[in-house]
Amino acid sequence: MAPRHPAPPYRRLQAYAFDPSLTQQLDTALVNQATLKVPWEKTLGRGPAGEYVEVVDYDPASGCFYEPVDLNDPHLLAQDGLPPSEGSPQFHQQMVYAVSMRTIRNFEKALGRLALWRPLPGSGGKPDEFVPRLRIYPHALREANAFYSPEKRALLFGYFLATDSAGPGAPRGMVFTCLSHDIVAHETTHALLDGMHRRFTEATNPDVLAFHEAFADVVALFQHFSLPEALQHQIAHTRGDLASQNLLGELAQQFGQATGHYRSLRSAIGRVDPRTGQPDPGE
């Protein structure tokens, strides 16, 4: 029997607009909880595992698999997925799926074609083998790191305890890189760019790897501007002066603070000169 109604174009999933640390601040708590619209996948399995990505939640440090989330559960469909939570592995799975799929969709809209992952090299004169899914490991490392592995065709996210030298106001306890919107978008961009041009991972000169990093940063920054509530909040906060220090120009704030940087990991604006109150272009 044919369905009475067509499938919706999008699946709505809750996520952090930036990272969990901003939920602890009164002025950013509300705008930090975003609802992302990702392409609807009819055959989405537990994990989640869909057409483009497969979330595999194995924690090698603990030697355990976390129960995979089922985003087709009627109760989760009715409430836009799980609510943001630092302590729920299932929300971590939802977060990496939602942000990566949204990044993929943005690439496809810009390119006008489907995104492809880096194929496996053929052996014995055989053609390269198509890779249908990018694997995502939300708890792959117990260290302050996250990266895209061209060999594994996978994104690996780490988790770690915030350093004691993080400074006042910095996050304490366990920090999960998979809960940073910026880090997930950044690493997904590495995978997408590698699928478009494999030679860009070869350091034939310093500019090649620098391009990979810069391009991934720019994509993560631009995704801030596609979050309506966060964008409106920051425009109001800066009175329309987006050249001043603001969240839209900051990347991985929680990660940067938790590793002792006292601020975000990278900034498109730079430091504010205390003498002039203007961004310091020298940083």
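Computed values, structure above
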read-out	value
Note, ³J(HN,Hα) from phi for region 88-102, Karplus 6.51, -1.76, 1.60, rounded to Hz, x at Gly and Pro	9, x, 5, 5, 4, 5, 4, 4, 5, 5, 5, 5, 5, 5, 5
Projected label distance in nm at M196 and E213, using a 7 Å step from Cα toward the beta-carbon	2.0 nm
Built amide H within the under 5 Å cut-off of L141, gap 5+	F157, G158, Y159
Most mobile listed residue (L247, L22, L77) in the chain, GNM with C-alpha springs under 10 Å	L77
Rounded to whole Hz, the Karplus (6.51, -1.76, 1.60) HN-Hα couplings of region 52-63, x for glycine and proline	9, 10, 9, 8, 10, 9, 9, 10, x, 5, 9, x
Sites F65 and L114, calculated FRET efficiency, Cβ-Cβ separation with R0 22 Å, nearest 0.05	0.10
Most to least packed among 237-243, 87-93 [average Cβ atoms within 10 Å]	87-93, 237-243
Cleavage-rule hits (trypsin sites (Lys or Arg not before Pro)) in region 1-93: DSSP loop, at most 12 neighbouring Cβ within 10 angstrom	R4, K42
Net charge contributed by nearby residues that have their C-beta within less than 11 Å of A216 (K/R +1, D/E -1)	-4
Nearest-ten-degree value, helix 181-196 long axis tilted from longest Cα axis of the chain	50 degrees
Antiparallel %, DSSP beta bridges [both residues in the chain], to 5	75 percent
Region 10-267, relative contact order [Cα under 8 Å, separation at least 6], %	18 percent
Most mobile of D128, D59, D194 in a GNM of the chain (Cα contacts under 10 Å)	D128
Efficiency of FRET from Cβ geometry, H237 and Y10, R₀ 25 Å, rounded to 0.05	0.30
Spin-label pair R142/T204, simplified geometry with 7 Å Cα→Cβ offset, distance in nm	4.2 nm
Cβ-based exposure ranking for H5, H197, in which fewest neighbours within 10 Å come first	H5, H197
Share of pairwise Cα separations in region 10-267, more than 33 Å, in percent	17 percent
Reach of K109 by Cα under 22 Å, taken over lysines that are not fewer than 8 positions away in the same chain	K37, K42
Spacing of the two label points (7 Å from each Cα toward its C-beta) at E129 and D73, in nm	3.4 nm
L134 long-range amide H proximity, modeled H, under 5 Å	V53, E54
Using θ = phi - 60° and Karplus 6.51 cos²θ - 1.76 cosθ + 1.60, couplings along region 201-215 (whole Hz; Gly, Pro as x)	8, 9, 7, 5, 7, x, 5, 5, 5, 5, 4, 4, 5, 5, 5
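Throughout, read-outs are computed from the coordinates displayed, never taken from laboratory work. This one's a predicted model, so the numbers in the text were calculated from it and none came from an experiment. Cβ sites come from the backbone with ideal geometry, for glycine too, and all protein chains shown count toward neighbours.
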